[in-house]
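Okay, structure first, notes after.
The values are calculated or read from the model by the stated rules, or taken from the named source; none is laboratory data. Given the structure is predicted, the values throughout are model-derived calculations rather than measurements. Counting neighbours? That spans all protein chains shown, and the Cβs are built from the backbone with ideal geometry, glycine included. Ligands, DNA and RNA are excluded from the accessible area calculation, which covers all protein heavy atoms including side chains. Shrake-Rupley method; radii C 1.70, N 1.55, O 1.52, S 1.80 Å.
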Amino acid sequence: MNVDEIAGIAHEPERQRYRAPIGVVMLTHGAGGSRESPLLRKICDEWARRGWLAVRYNLPYRRRRPKGPPSGSAASDQAGVAEAIALAHTLTKGPVIAGGHSYGGRMTSMVIADQAAAVDVLTLFSYPLHPPGKPERVRTDHLPRIAAPTVFTHGTADPFGTLDELRPAAALIPAASEIVEVTGARHDLGSETLDVPALAVDAALRLLA
């Protein structure tokens, strides 16, 4: 297994419990973030505990420079997502799940909508429905073209979109979808009372079934 080509870090299941991973999960980061995101680490750990190979990887813009937000890099970042998903399919005969946090999730959703890659479940964390304070600039045009079951894990205090805004957006997806509500959480999905990774993984496995 070589995830270096996508600047990835793999979380492997315990070999004593699992002869081979059940499937592969590919997750990437938000704008301004990286594969070292605490949220991605926790989610990948949770998937590995469930017997999956989970990889957190850097988008192409982050591979080019260690800090700063993406700028005009959407096309190359989407190509990077497609590359990561293609790699996932070479690592397993089982299911492939992909997604990411904020910008990374949006890029992944656009790749799936454009059929540039295929996944069994799409998992989106803090999907950025619109820029904070600009609800008129919605980012939903591609959602009706997503054929994969989709999980949205979203905080009730996320400035990038309210739950009332997210529900009709999720309904645009013709495949099955589920919203995991994280009470009180903002865009980073931090919660002192809820196990966000476990809830998100549970939802993805329900849609997979």
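See the values below:
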read-out: Gyration tensor (alpha-carbon) shape descriptor, the stretch 23-119, a/c threshold 1.5; value: oblate
read-out: The chain, helix-only ellipticity at 222 nm - DSSP H runs n ≥ 4, -39,500 (n - 2.57), divided by all residues, nearest 500; value: -10000 deg cm²/dmol
read-out: Accessible solvent surface per residue of the chain, calculated while the other protein chains remain in place, 1.4 angstrom probe, Å²; value: 45 Å²
read-out: Cα-based shape type of the chain, given that a ≥ b ≥ c are square roots of the gyration tensor eigenvalues and the cut on a/c is 1.5; value: rounded
read-out: Neighbour cut-off at most 13 other Cβ (10 Å), DSSP loop, trypsin sites (Lys or Arg not before Pro), the stretch 83-179; value: K93, R137
read-out: Eligible aspartates and glutamates near K42 by straight Cα distance, threshold 15 Å, same-chain separation 8 or greater; value: E12, D188, E192, D195, D202
read-out: ³J(HN,Hα) computed for each position of the stretch 69-83 - Karplus, 6.51 cos²θ - 1.76 cosθ + 1.60, integer Hz, glycine/proline x; value: x, x, 8, x, 10, 4, 5, 5, 5, 5, 4, x, 5, 4, 5
read-out: Hits among aspartates and glutamates - C-alpha to C-alpha of K67 under 15 Å, sequence gap 8 or more where chains match; value: E36
read-out: In the stretch 150-193, GluC sites (Glu not before Pro) in a DSSP loop with at most 10 other beta-carbon atoms within 10 Å; value: E192
read-out: Point-to-point label distance, R15-R186, nm (Cα→Cβ direction, 7 Å offset); value: 4.3 nm
